[in-house]
1. What's the angle, to the nearest 10 degrees (0 to 90), between helix 53-77's Cα axis and the longest principal axis of the chain?
2. Hey, any idea what % of the chain's accessible area is carbon plus sulfur with a 1.4 Å probe?
3. So what is the accessible area of region 14-113 per residue, in Å², with the probe set to 1.4 Å?
4. Taking 7 Å along the Cα-to-C-beta vector as the label spot, tell me the L23-T171 distance in nanometres, rounded to one decimal.
5. Across bins of 10 angstrom width beginning at 0, how are the C-alpha pair distances of region 79-145 distributed, in whole percent?
6. In degrees, nearest 10, range 0 to 90: what is the angle between the Cα axis of helix 129-145 and the longest Cα principal axis of the chain?
Amino acid sequence: MPTGVHLRDARQQLFDAAERVLLRDGANGLTSRSVTDEAGCAKGVLHRHFTDFDAFLTDLVLDRATQLETQASSLRESAGNGTVADNLTSALISLFGPVPVAIIPLITFRDELRARLRQAMPGGGIAILAQATTAISAYLAAERELGRIAADADIDSLTLSLVGGGHLLFTDRDPGPPATAVVHKFVTAVIADAMQRRPA
């Protein structure tokens, strides 16, 4: 493959190629060779932009984690509108989309990647899950302030249940993610007590 191929915004093209490989072949199929082959460039292109493959993966995860901030903002802004269950259902479907779900095993099984993520950002060792946790916790706290869930609702426990259970719900689904009705039923069960005890 020619080394002189010019990539416009090479970093972004490499990230997009890695994403396609992840979605198609999973974390085990993601190598520097598979990424550069997918991007249609020479292997040296990746190493011109990143010191090593773990540096590339770290920036990939941080880039995709930053993109989740848009969903997190939308969730926070939905406090007080619609129903709590509907808002959380939409949030889980968005936060646990195909790309985040594909990235989580990558983080889990690469010790060096986790170490670098921890250095790069607070809670970075569980990036993606950390973004989901922060978003849902902030939303639940806002709804508690508005009186739409019980004043003594345990936000930390609710958040862990929603994020942990939500992750399991979206992991290893064949042929695709769970139906909205399935997610809604799960969310409703998790928040039922906090909803029943909210102010009249």
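1. Its long axis makes an angle of about 30 degrees.
2. Working: 5420 of 10140 Å².
Carbon and sulfur together cover 53 percent of it.
3. On the way: 4260 Å² over 100 residues.
Heavy-atom SASA per residue in region 14-113 reads 43 Å².
4. Computed distance between label sites L23 and T171 equals 2.2 nm.
5. 20, 42, 26, 12, 0
6. Tilt of helix 129-145: around 20 degrees.
The values are calculated or read from the model by the stated rules, or taken from the named source; none is laboratory data. This is a predicted model, so every value here is computed, not measured. Note that we place each Cβ from the backbone using ideal geometry, even for glycine, and neighbour counts take in every protein chain shown. Quick note on the areas: whole protein, heavy atoms, side chains included, nothing else; ligands and nucleic acids left out. Shrake-Rupley method; radii C 1.70, N 1.55, O 1.52, S 1.80 Å.
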